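Notes to accompany the following structure.
The values are calculated or read from the model by the stated rules, or taken from the named source; none is laboratory data. This one's a predicted model, so the numbers in the text were calculated from it and none came from an experiment. Every residue, glycine among them, receives a Cβ derived from its backbone with ideal geometry; neighbour counts consider all protein chains shown. Side chains are part of the model used for accessible areas, which takes the heavy atoms of the whole protein and leaves out ligands, DNA and RNA. Shrake-Rupley method; radii C 1.70, N 1.55, O 1.52, S 1.80 Å.
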Amino acid sequence: MSYIGSQFQKLDFFNLSRQSLAVFIAENYDAPRYAADNIFKWIYRKGIYDFSLMTDLSQTLREKISESFYFGQREYLKREISADGTRKYLIKLGEEEYVEAVMIKQPARMTLCVSSQIGCGMGCSFCRTATMGLKRNLTTSEIIRQVLVVIDDAKHFNDMFTNIVFMGMGEPLHNLRNVAEAVAILTDNFAFSIAPRKITVSTVGLVPAIKKFGETVNANIAISLNATTDEIRSKIMPVNKSFPLEKLLHTLREFPVNKRRKITIEYVMLSGVNDTEDDLKRLPKLLHGIQVKVNLIPYNDNADLGFATPEREYVHYWREVLVNAGLDVTIRWSKGRDISAACGQLAYNRLNMPVKGGMPAEA
Ligand code: SF4
């Protein structure tokens, strides 16, 4: 709880994991730990957002927590549906602040792609979100509410996501604390109860944060690699200047994985830039000794970013060569392109940002 002047300010309930809530109510109300378990069940399992109806809590505790917490809004402003069934949600967070979440329809599953920041500061030159720059980190509540909005709307389509990926707007590991708290809520058996192996958090390769993620977060990690030389990677992903390939790959070699949970290597194929025959030879060598699966992502033609999509047959050729080199490889074809919901296309139009990008002349 905090005070602004004499104004008492309530806390957004969705910001707290069950563990954080237990600490809060113990310290402030001397309440037992199991009370946090009960509150989580009422809210996330039963959808009851009124503390006064939580009959297994004491009357005093019900009154106190009603005074302490509010529930952030859980509605979308706009929903677009692609011809392929993918749905994109525009969610308003504050004055002129919006974020997008995407429900990606695939043959055997549905994947919910959530955002972790408004905009992004990583500056990848093939990504539309980068053109917005970083506005701010999302709170844990703003991440959780994307999930709640989509769950609520899924009733109208009689479907539900099977996986969650942190691959929307933003660099999740640049907002690790709030993302970690959100993952704790998503995997909590008293809340969403999503298996950790069904959640994947993607990063451009922030080395110190990858180490911390491995030690503290129970979810899969995906590395957006996208090049086999420092020269090209630094040109398309400025983060490589701080954390070059050798440092990144060394960190991945030490990352804790088990047999069922491999590190995903994402490789956005930019025709003629990072998909040469030399790249194809180098990639398996770079990944040697790391427990990975490779996800080839043919670039989505984004307006004016200055890159081109490789031919379909050429993408299949890459896959074949990498499989023959002993790698586990999948191809992620675009979904939701007609509504700008595909990978690297998220950026709400309201900002009307001038689109820049392409290969910079200087790294
Ligand atoms: S690809 Fe990801 S990390 Fe890079 S600019 Fe886009 S949103 Fe940020």
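Would region 66-225 count as rounded, prolate or oblate if I go by the C-alpha gyration tensor, calling it rounded below 1.5 in a/c and otherwise prolate when a/b exceeds b/c, oblate otherwise? Rounded shape, in that the Cα axes give a/c under 1.5.
For the chain, modelled as a GNM whose springs connect Cα atoms under 10 angstrom apart, the maximal fluctuation among PHE157, PHE192, PHE166 occurs at PHE157.
Note on the chain: with neighbouring protein chains present and a 1.4 Å probe, carbon and sulfur make up 48 percent of its accessible heavy-atom surface. The stretch between ARG45 and LYS212, if pulled fully straight at 0.36 nm per residue, gains 57.1 nm over its current Cα-Cα span. Between region 171-246 and region 49-78, the C-alpha centres lie 32 angstrom from each other.
With the charge dipole of region 1-137 set up from +1 on Lys and Arg Cβ and -1 on Asp and Glu Cβ about the Cα centre, the Cα lying farthest toward the positive end among the listed residues THR60, THR129, TYR29 is that of THR129.
Taking only protein heavy atoms into account and a 1.4 Å probe, give the accessible area per residue of the chain in Å².
Dividing the accessible area of the chain by its residue count gives 46 Å².
Dividing the Cα radius of gyration of region 183-254 by its Kirkwood radius returns 1.08 for Rg/Rh. Taken over the alpha carbons of region 213-293 as equal point scatterers, the Debye sum produces base-10 log I(q)/I(0) values at 0.11, 0.14, 0.21, 0.26 Å⁻¹ of -0.29, -0.47, -1.02, -1.39.
For LYS92, the lysines whose Cα falls under 22 Å of its own Cα, not counting residues fewer than eight places away in the same chain, are LYS10, LYS78, LYS135, LYS155. Using the alpha-carbon positions of region 1-135, Rg (one decimal) and Dmax (whole number) come out as 19.2, 56 Å. Taking 0.36 nm per residue of sequence separation and removing the Cα-Cα distance, the ARG197/TYR314 pair yields an extension gain of 39.0 nm. Only Lys, Arg, Asp and Glu carry charge here, each on its Cβ (+1 for the first two, -1 for the last two); on that basis the chain has a dipole of about 660 debye about its Cα centre.
Taking the chain as a Gaussian network of alpha-carbon nodes connected by springs under 10 Å, the highest mean-square fluctuation of the residues ILE48, ILE223, ILE91 belongs to ILE48. Only DSSP H runs of four or more residues enter the estimate; each adds -39500 (n - 2.57), and after division by the residues of the chain the mean residue ellipticity at 222 nm equals -9000 deg cm²/dmol. Which of rounded, prolate, oblate describes region 87-126, given a ≥ b ≥ c as roots of the alpha-carbon gyration tensor eigenvalues and a/c under 1.5 marking rounded, otherwise prolate only if a/b is larger than b/c? It comes out oblate by the Cα gyration axes. Among ALA184, ALA130, ALA22, the residue with the largest mean-square fluctuation in a Gaussian network model of the chain, with springs joining Cα atoms closer than 10 Å, is ALA22. The mean sequence separation of alpha-carbon pairs under 8 Å and at least six residues apart, normalised by the residue count of region 130-198, gives a relative contact order of 34 percent.
Taking the DSSP bridge list for the chain and keeping only pairs wholly inside it, about 45 percent are antiparallel.
Distance between the pseudo-spin-label points of LYS78 and SER52 (7 Å out from Cα toward the beta carbon): 3.8 nm. Taken over region 194-278, lysine pairs spaced eight or more positions apart, or on distinct chains, with alpha carbons under 28 Å apart number 20. Which of rounded, prolate or oblate describes the chain when judged by the alpha-carbon gyration tensor and an a/c cut-off of 1.5? Judged from the Cα gyration tensor, the chain comes out prolate (a/c at least 1.5, a/b above b/c).
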